[in-house]
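The values are calculated or read from the model by the stated rules, or taken from the named source; none is laboratory data. Keep in mind the model is a prediction, meaning the values are calculated, not measured. Every residue, glycine as well, gets a Cβ built from its backbone with ideal geometry; the counts of neighbours run over all protein chains shown.
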Amino acid sequence: QVQLVESGGGLVQPGGSLRLACQASGRTFSNYAMGWFRQVPGKEREFVGCISRNGATTESADSAQGRFIISKDNGKNTAYLQMNDLNPEDTAVYYCGARSTYFGSRRVGDYEYWGQGTQVTVSS
């Protein structure tokens with residue numbers, strides 16, 4: 001079992017930044033690729049980005065390209081999502097997921113473990 005806990009969400013003005021963290025426990029974190037997703041009420045969970053288990057390879061959704069940066073610190077058992085130039089359309093609950101493969105995935109169903117989510121609200 002892997003337990004994931006997201007943190008770092010909150011209220012931010014348009015154009016601002018937030019850094020989300022996903023703290024893992026329970027298994028060897030370096031064995032897991034990580035993904036970040038977001039969800040708004042009434043919609044499906046949406047891919048934001050993912051990172052390979054050694055942190056060498058990342059992939060981002062088009063909406064995140066050039067604004068969001070994904071990283072992974074295996075020594076701290078933590079994955080990060082640095083979000084810059086936020087806009088109201090980024091408002092959502094953000095989730096991290098873990099899968100026991102080398103590469104991450106854009107598909108929700110490919111992840112074995114999920115955190116409880118952290119709310120991000122972008123508003124003036």
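May I ask you to list the residues in segment 72-119 that are farther than 16 Å from K43 by Cα and β-branched (V, I, T)?
T78, T101, T118
Inside segment 86-95, can you point out the residues that are out of contact with any Gly (no Cβ under 6 Å at 6 or more places or on another chain), closer than 17 Å to G15 by Cβ and in contact (Cβ under 8 Å) with a residue 60 or more places away in the chain?
Hits for segment 86-95 are N87, P88.
Name every residue in segment 36-54 that is among the small types (G, A, S) and in contact with an Asp or Glu (Cβ under 8 Å, 6 or more places away or on another chain), in order of residue number.
The answer is G49, and nothing else.
Does L81 count as in contact (Cβ under 8 Å) with a residue 60 or more places away in the chain, out of contact with any Phe, Trp or Tyr (no Cβ under 8 Å at 6 or more places or on another chain) and buried (at least 16 other Cβ atoms within 10 Å of the Cβ)?
The answer is no for L81.
Considering each residue of segment 4-15, count those that are surrounded by 14 or more Cβ atoms within 10 Å (Cβ to Cβ) and more than 12 Å from the chain's Cα centre (by Cα), and give that number.
Residues flagged as surrounded by 14 or more Cβ atoms within 10 Å (Cβ to Cβ) and more than 12 Å from the chain's Cα centre (by Cα) within segment 4-15 amount to 1.
If you check E89 against the conditions, is it in contact with a helix residue (DSSP H, G or I) (Cβ under 8 Å, 6 or more places away or on another chain) and at pLDDT 95 or above?
When the stated conditions are applied, E89 does not pass them.
Sort out which residues of segment 68-89 are more than 15 Å from L4 (Cα to Cα) and either in a loop (DSSP other than H, G, I, E, B) or β-branched (V, I, T) (or both), and write them in order of number.
Answer for segment 68-89, where residues must be more than 15 Å from L4 (Cα to Cα) and either in a loop (DSSP other than H, G, I, E, B) or β-branched (V, I, T) (or both): I69, I70, G75, N84, D85, L86, N87.
Restricting to segment 1-35, give me the number of residues that are over 13 Å from V120 (Cα atoms) and of a type in the set (A, V, I, L, M, F, W, C).
Here the count works out to 8.
Go through segment 90-120 residue by residue and tally those that are part of a strand (DSSP E or B) and surrounded by 15 or more Cβ atoms within 10 Å (Cβ to Cβ).
Adding up the residues that qualify gives 12.
Restricting attention to segment 82-92, does a residue exist that is in contact with a Lys or Arg (Cβ under 9 Å, 6 or more places away or on another chain) and within 20 Å of F29 (Cα to Cα)?
yes
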